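**Student:** Here's a structure for you.
The values are calculated or read from the model by the stated rules, or taken from the named source; none is laboratory data. Here the structure is a predicted model, which means the values were calculated and not measured. Positions of Cβ are generated from backbone atoms using ideal geometry, with glycine treated the same way; all protein chains shown enter the neighbour counts. Accessible surface is based on the protein model in full, side chains and every heavy atom, while ligands, DNA and RNA are left aside. Shrake-Rupley method; radii C 1.70, N 1.55, O 1.52, S 1.80 Å.
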Amino acid sequence: MKLYQNEISSATSRVRIALALKGLMAEALPVTILGENSESRQAGYRSINPQGLVPALLTDSGVLITQSLAIVEYLDGIKPEPPLLPDTAEGRAQARSIALAIAAEIHALLPPRIGLHLGKVFQADADAITAWNRHWVGEGMAAVEAMIAGHRQGAFAVADQPGIAEIFLFPQAISARRLGFDLARWPNIAEIVARLEAIPAFQENAPAPRQ
């Protein structure tokens, strides 16, 4: 397998964590994502992934899978142990709802292309873009905290083992901390992240800081 990735990308981090939990290997193919001239915005990479996003996984059979949730579920399908989804229908739905609340409602508003557009169209400077990011991270993480608190019964967000919910939560929480948030404002998230930081698959595959 080959993984088109960027180490600052929290979406890439999700896939790297899943690979590590599964004990699977993928050749890393770096793709730059910052700036107008990033590789992700060029025709060469768009011919591979029309969205121009990372991560993208090229399977051993030559099929390209995009979107981190689809990739993580693919990895869960080809190597079922350890399972990344709970064994009940309700648990699986809850885990996916947390993952999607992060991927679709928080992270979707934060990628570099969003900042570029805010600067180009609305003349937003770096401080304004940071304020934008902080607003949506703060609002979104507060909602995720409430979601977890409403049904949490185990050591992690949904169960007693980390899975898809935590794979999406962990990189977003690390990014929130780098934006200046104290995770203690979200006590369930803070406790879960502390547990995850003790697990090498998570700790070693956190998104890298932006330089």
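**Student:** Which residue is farthest from A173 (Cα to Cα), if the candidates are limited to segment 114-138 and must be out of contact with any Gly (no Cβ under 8 Å at 6 or more places or on another chain) and of a type in the set (D, E, K, R)?
**Tutor:** Out of the qualifying residues, it is K120.
**Student:** Would you pick out the residues in segment 183-207 that are of a type outside the set (V, I, T), surrounded by 13 or more Cβ atoms within 10 Å (Cβ to Cβ) and assigned to a loop (DSSP other than H, G, I, E, B)?
**Tutor:** W186, E197, N205, A206, P207
**Student:** Suppose we keep only residues that are out of contact with any strand residue (DSSP E or B) (no Cβ under 8 Å at 6 or more places or on another chain) and in a loop (DSSP other than H, G, I, E, B) within segment 21-35. Which one would you say is farthest from G77 (Cα to Cα)?
**Tutor:** For segment 21-35, the residue satisfying everything is G35.
**Student:** Find all pairs meeting these conditions: Cβ atoms under 7 angstrom apart; at least six residues apart or on different chains; first residue within segment 197-211 and within 14 Å of G23 (Cα to Cα); second residue in a loop (DSSP other than H, G, I, E, B).
**Tutor:** The qualifying pairs are I199/P162.
**Student:** Being polar (S, T, N, Q) and assigned to a helix (DSSP H, G or I) is the filter here; which residues of segment 1-20 pass it?
**Tutor:** S10, T12, S13
**Student:** Take the residues in segment 1-35 that are of a type in the set (A, V, I, L, M) and open to solvent by 50 Å² or more (accessible area, probe 1.4 Å); name whichever of them is farthest from G163 (Cα to Cα).
**Tutor:** Once the filter is applied, the top-ranked residue is L34.
**Student:** Moving to a separate point now. Quickly run through segment 36-61 and pick out the residues that are over 20 Å from the mean Cα position of the chain (by Cα), part of a loop (DSSP other than H, G, I, E, B) and surrounded by 19 or more Cβ atoms within 10 Å (Cβ to Cβ).
**Tutor:** Within segment 36-61, no residue meets the criteria.
**Student:** Let me ask you something else. So I174 passes all but one of these: (1) touching a helix residue (DSSP H, G or I) at 6+ places or on another chain (Cβ under 7 Å); (2) crowded, with 18+ Cβ neighbours inside 10 Å. Which condition number does it fail?
**Tutor:** In the conditions (1) touching a helix residue (DSSP H, G or I) at 6+ places or on another chain (Cβ under 7 Å); (2) crowded, with 18+ Cβ neighbours inside 10 Å, I174 misses (1) alone.
**Student:** Do you know which residues across segment 59-118 are hydroxyl-bearing (S, T, Y), touching a strand residue (DSSP E or B) at 6+ places or on another chain (Cβ under 6 Å) and either more than 25 Å from S47 (Cβ to Cβ) or free of Cβ contacts under 8 Å to residues at least 12 places away in the same chain (or both)? Quick ask: steps written out before the conclusion?
**Tutor:** First, the residues of segment 59-118 that are hydroxyl-bearing (S, T, Y): 59, 61, 66, 68, 74, 88, 97.
Going one step further and asking which of them are touching a strand residue (DSSP E or B) at 6+ places or on another chain (Cβ under 6 Å), we end up with 66, 74.
None - no residue of segment 59-118 is hydroxyl-bearing (S, T, Y), touching a strand residue (DSSP E or B) at 6+ places or on another chain (Cβ under 6 Å) and either more than 25 Å from S47 (Cβ to Cβ) or free of Cβ contacts under 8 Å to residues at least 12 places away in the same chain (or both), so the list stays empty.
**Student:** For segment 66-130, which helices (runs of 4 or more DSSP H) that fit wholly inside it have 1 or more residues that are polar (S, T, N, Q) and open to solvent by less than 30 Å² (accessible area, probe 1.4 Å)?
**Tutor:** Correct list: 68-78.
**Student:** Right, something else. From the list A176, A206, exactly one residue is touching a Phe, Trp or Tyr at 6+ places or on another chain (Cβ under 8 Å) and more than 21 Å from P86 (Cα to Cα). Which is it?
**Tutor:** A206
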